[in-house]
Amino acid sequence: MTPQQFQTLLLNWFDQHGRKHLPWQQNKTPYRVWVSEIMLQQTQVMTVIPYYERFMQRFPDLVSLANAHEDDVLHLWAGLGYYSRARNLHRAAKMVMEAYQGQFPNTVTELQKLPGIGQSTAGAIASIAFQQRAAILDGNVKRVLARVHGMMEPVNEKEVEAKLWALADHYTPAKRTADYTQAMMDLGATLCTRSKPQCGRCPLIQHCAAYAQGIVDLLPKKKATKALPTREATFVILQHNNRVLLQKRPPLGIWGGLWSLPELEGQADQKKITSFCRQHFQVEVIDQHALAPFRHTFSHYHLDIFPVIALIKKAPVQIMEEGQQIWYNLTQPASLGLPKPVQSLLRKIN
């Protein structure tokens, strides 16, 4: 199949069946496209839409995002996961204002200099926002190309990914680049799906090696991944009346920059929790009771969480580590970035 054949089939399908009414496709600007592409990294469209709409309402342009406090940005991102994306988005907004005088860079090379933007995201922004010829290779595009070409090698191997990049570039047109890029993402998201692909409706069916060989369900292949390890942690809900103590996590690592609950390694008993609260927060626990444990899964491990409410009679007059700890008012909650498990726990006790 020539690039022209591939493009014609795909764009004809897109003109009839492509998604054209997503929020970021309206009032299209480089800023709106960029935010959507960051949110869509490893996250499905239907999950992203409400977050994107709230984010745009609060930060309608680059200036408002660059001038925002990180807590406000993380608060609107809370629940969407992969929080480094939000921190990088905020850093990149500041960088565009300072290094690019508020003008969004419009080449793949320059875009990749911004935090959180890799080659595929840069290609998507360049093609959709600036109508430049730029290839993309997200998960959807990898799946389409691997099936069309019947690639039996694992797509997460470096050599195979290089082949896929070459194919992605080979098929990318010089005209209608925005529509082509959206069409490739739409095809993978709506028809050439991971499970139960709708091959009968696919515009590329006559040219698909995987379909011809009856191996669509087997592709794309990936190198076997190790089973996720499991760790345990006790989350201490240190409560005084309607207030709960929260701590700001370090900027790097899991839930970086978010506000979370004090944490003990493993499943701690009452004696250990009492000692922990006395040592770290100078408070005396008068009563404690456990809530139902639950599991939260990250990309690299499972975390089994054992939440314990620890009631204290008297809150300390002064908070240790000012700016890193707060007493969070459950009845009048502040706008803070909270991890989803912490949000759920606070809702339970409110």
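The table for this structure:
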item	result
Elements of type helices (runs of 4 or more DSSP H) in region 62-138, at least 1 residues being hydroxyl-bearing (Ser, Thr, Tyr) and not assigned by TED's automatic domain parsing to the domain that holds PRO339	62-66, 84-99, 108-111, 119-130
Residue that is nearest to PRO30 (Cα to Cα) [pool: residues in region 59-75 that are touching a residue at least 40 places away in the same chain (Cβ under 8 Å) and not acidic (Asp, Glu)]	LEU62
Checking ARG278 against (1) in contact (Cβ under 8 Å) with a residue 24 or more places away in the chain; (2) surrounded by 12 or more Cβ atoms within 10 Å (Cβ to Cβ); (3) not polar (S, T, N, Q); (4) not assigned by TED's automatic domain parsing to the domain that holds LYS158, the condition it does not meet	(1)
Selection within region 141-159 - closer than 28 Å to ARG201 by Cα and either surrounded by fewer than 20 Cβ atoms within 10 Å (Cβ to Cβ) or aromatic (Phe, Trp, Tyr) (or both)	HIS149, GLY150, MET152, GLU153, PRO154, ASN156
ASP61 modelled with pLDDT of 95 or more and acidic (Asp, Glu)	yes
Qualifying residue in region 159-169 (condition: within 17 Å of LEU9 (Cβ to Cβ) and either without any contact (Cβ under 8 Å) to a residue 24 or more places away in the chain or part of a loop (DSSP other than H, G, I, E, B) (or both))	yes
Matching option when the condition is surrounded by fewer than 16 Cβ atoms within 10 Å (Cβ to Cβ), modelled with pLDDT of 95 or more and within 20 Å of the chain's Cα centre (by Cα), among GLY118, GLY123, GLY79, GLY102	GLY118
Options VAL160, VAL144, VAL155, VAL148; residue that is in the same structural domain as THR193 (by TED's automatic domain parsing) and in contact with a Pro (Cβ under 6 Å, 6 or more places away or on another chain)	VAL155
Residue, nearest to GLY150 (Cα to Cα), within region 204-232, restricted to residues that are of a type in the set (Ser, Thr, Tyr) and outside any helix (DSSP H, G or I)	THR225
Residues within region 20-54 that are assigned to a loop (DSSP other than H, G, I, E, B) and loosely packed, with under 13 Cβ neighbours inside 10 Å, tallied	6
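The values are calculated or read from the model by the stated rules, or taken from the named source; none is laboratory data. Since the structure is predicted, the reported quantities are computational estimates derived from the model, not experimental observations. Using ideal geometry, Cβ is built from the backbone for each residue, glycine included, and neighbour counts are taken over all protein chains shown.
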